[in-house]
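Please read the structure below before turning to the comments.
Values quoted throughout were computed directly from the atomic coordinates according to the rules given, and no laboratory measurement underlies them. This structure is a prediction, so every number in the text was calculated from the model and none was measured. A quick note on method: Cβ atoms are made from the backbone with ideal geometry, for glycine too, and the neighbour counts reach across all protein chains shown.
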Amino acid sequence: MAQVEFSEVTKEFAGGVRAVENLNLRIDDGEFVVFVGPSGCGKTTALRMTAGLEAISEGTISIGDRVVNDVPSSKRDIAMVFQNYALYPHMSVFENMAFGLQQQRLSKREIERRVRDIAQLLELDQYLSRKPRALSGGQRQRVAMGRAIVREPAVFLMDEPLSNLDAKLRVQMRAEIRGLQREIGTTTIYVTHDQVEAMTMGDRVAVLRNGVLQQVATPHVLYHRPTNVFVAEFIGSPAMNLFEVPVDHGRELVLDSSERMPAPAWAVDQLSGR
Amino acid sequence: MTSPLWIGRYRSAFAVVVSAIFAAPLYLALVNVFKPADAIRAHPLALPLHDFTTANVAGAAQLSLVQHGLKTSLIITVGSLLLMVPLSAMAAYYVSRWDSKVARLLMLFFLFGLMLPPQVVLIPTTVILRHLHLMFTYWGVILNFAAYYLPFGVFVFSGFLRSVSRELDEAGAIDGASSLKIFWRIIFPLMRPATASVIVVTALWTWNDFLSPLIILGAAHGVTITTGIYLAIGTYSIDYGQEFGVMFLASLPVLALFLFLQRYFVSGLTGGATKG
């Protein structure tokens, strides 16, 4: 159990591409936060920095109360679900799930117990001796989840875990992952480019664009009060209609010569505050 | 592109002729293994139909030169492989996974080693081995082979590694494994096709090599099967039956190894060429 804090985090790749720019974000213990944005927005880079798979150029990331900038992945107490699952192809489902536990030098009996418990939870019990190649896409996805859960890490990191599933299964797994996370209560960062996934799963959603955090809020707030045009256009399906209107006296929207509409209260505040 | 019919016919005739040229020595070697010496002289091309005998093989197996040679060749080949396969696999893992100047320079260095003909480095090698007091020892020959074929191993393994997803390394790291453990538990088992190819090819080269064991081991200090054949020809007049028996025994182990590993072989050599 741990909170995760990004503090002025910047990632600059060789050649000067800045994938993440001055990211500040605090994720509370047990919270499910979704990073969403178009491809190339820096969401996966932010996740990989948290995982220790990319170096942090500037700023700090802390997990729990510990700054992890110089802590290798293996010591960060995190688990990650990869887009392509990255299951070990030559190991059975059981061995895949047990591998992380073996690195922690747990007893054989303890490993056996924990793997079986999680396998049961994910309805994988009858597949424990199979190799990944003998599993369907959905089952592989479950094994990848199981491998993460069984370790009982402080933080789950998920990198578009559902994007390789068919549409129906994706919707089902969406609910299932969210349910599991609530049950276990582990802090989770979930990366996706699918705004429906983001809006249905996240306690809070962080919208990124070109490496810059645009807004982080609950789905409800994000939908009703986007901070800028980019967020407004990105969230919602079908997309929001946008057009310019003149504002009269700072409180009335002029739709055409005969029709006017009072501006919503929050907009009035924003306009007068300017 | 269509070609006239007669070219098609010539083409298959041409293929048959070329195949026959390649197969002829093999055919001669195989049929004469099982014929008595006088029959070999009289009818070298005939099949061993009514005079079939295993006496040549049995006789050759009795020769101490052959027994000793097979044993020495086995020690040297297995020793070289045990040293060279893990080292080249690990070197390839470093060179192809770590993106640094050192790694790139090492790769160039290995590629350079791949281009050196063995005869060029043989004399310098003997100088080094003499300083290490390893001339005329098994270790000397083994180290010579392991070092000389290391670049080949690195080349095949690093080609194959391109088809092994980096996400597996990352998953291993997040699961808490050290680099060494990631390599041995996750990456190396997945390179089995490449390992099989490296083993077969390197075993064939070390087994069949004549010059290195002749010079480094020295005929007076020990014979491999290849230098053994050479000595056998000189020592015992020309007993064709025995010669064929010896050659048969000399090629059997590598052939067996190839048959044992051949299902991995082709995929190992071409692995990494395209994304699987």
(message) Could you tell me the relative contact order of chain A? Use alpha-carbon pairs under 8 Å, at least six residues apart, and round to a whole percent.
(response) 23 percent
(request) Once every Cα of chain A carries one equal point scatterer and solvent is ignored, give the base-10 log of I(q)/I(0) from the Debye formula at q = 0.10 Å⁻¹, two decimals. (result) -0.58
(message) Placing +1 on the Cβ of each Lys and Arg and -1 on the Cβ of each Asp and Glu in chain A, which of A:180, A:236, A:91 has its Cα farthest towards the positive end of the resulting dipole?
(response) A:91
(request) Can you tell me the relative contact order of segment A:119-251? Whole percent, Cα pairs under 8 Å, sequence separation 6 or more. (result) 15 percent
(request) Please find, in a Gaussian network model of chain B (springs between Cα atoms separated by less than 10 Å), the residue of B:73, B:163, B:96 whose mean-square fluctuation is greatest. (result) B:163
(message) Along the charge dipole of chain B, pointing to its positive end and built from +1/-1 on Cβ of Lys, Arg, Asp and Glu, which listed residue (B:240, B:200, B:87) has its Cα farthest out?
(response) B:87
(request) Work out Dmax and Rg for the protein assembly as shown from the C-alpha atoms and quote the Rg first, both in angstrom. (result) 34.0, 121
(message) On C-alpha positions alone, give me the angle between the axis of helix A:108-121 and the longest principal axis of chain A, in degrees, nearest 10.
(response) 40 degrees
(request) Give the whole-number value, in cubic angstrom per residue, of the convex hull volume spanned by the C-alpha atoms of segment A:139-274. (result) 151 Å³
(request) Step through the table entries A:11/A:75; A:131/B:101; A:43/B:181; A:131/A:168, compare each Cα-Cα distance with 28 Å, and write down the pairs that go over it. (result) A:131/B:101; A:43/B:181
(request) Would you grab the residues whose amide H sits under 5 Å from the one on residue B:177? Only those 5+ places off in sequence or on another chain, please, with H modelled 1.01 Å from N. (result) none
(message) How much of the pair distance distribution for segment B:111-176 lies past 15 Å, counting alpha-carbon pairs only, in percent?
(response) 65 percent
(message) Kirkwood hydrodynamic radius, computed over distinct alpha-carbon pairs, for segment A:3-70: how many Å, to one decimal?
(response) 12.2 Å
(request) Compute the semi-axes of the equivalent ellipsoid of segment A:204-249, taking the square root of 5 times each eigenvalue of the Cα gyration tensor, and list them largest first in whole Å. (result) 21, 12, 11
(request) For segment A:37-88, compute Rh as the Kirkwood radius over C-alpha pairs and then the Stokes-Einstein diffusion coefficient at 25 °C and 0.890 mPa s; write the answer in µm²/s, rounded to an integer. (result) 203 µm²/s
(request) Measure nothing but the geometry: give the 0 to 90° angle between the long axis through the Cα atoms of A:93-103 and the longest principal axis through the Cα atoms of chain A, rounded to 10°. (result) 90 degrees
(message) Can you give the local net charge around residue A:24? Use residues other than it whose beta-carbon is closer than 11 angstrom to its beta-carbon, Lys and Arg +1, Asp and Glu -1.
(response) -2
(message) Give the aspartates and glutamates reachable from residue B:71 as a straight Cα distance under 19 Å; neighbours fewer than 8 places away on the same chain don't count.
(response) B:209, B:243
(message) Could you give each residue of segment A:225-233 its phi-based ³J(HN,Hα) in whole Hz, using Karplus coefficients 6.51, -1.76, 1.60 with θ = phi - 60°, and x for Gly or Pro?
(response) 10, x, 6, 8, 5, 4, 5, 4, 6
(request) Filter the DSSP H helices in chain B by two things, a Kyte-Doolittle mean of at least 1.0 and an axial alpha-carbon span of 27 angstrom or more, and list the hits by number. (result) B:5-33, B:64-97, B:138-161, B:240-270
(message) At a threshold of 8 angstrom on Cα-Cα distance, excluding pairs fewer than six apart, so keeping six or more, what relative contact order does chain B reach in percent?
(response) 30 percent
(request) Could you tell me the largest-minus-smallest coordinate of the C-alpha atoms of segment B:1-149 on each of the three principal axes, in descending order and whole angstroms? (result) 63, 60, 26
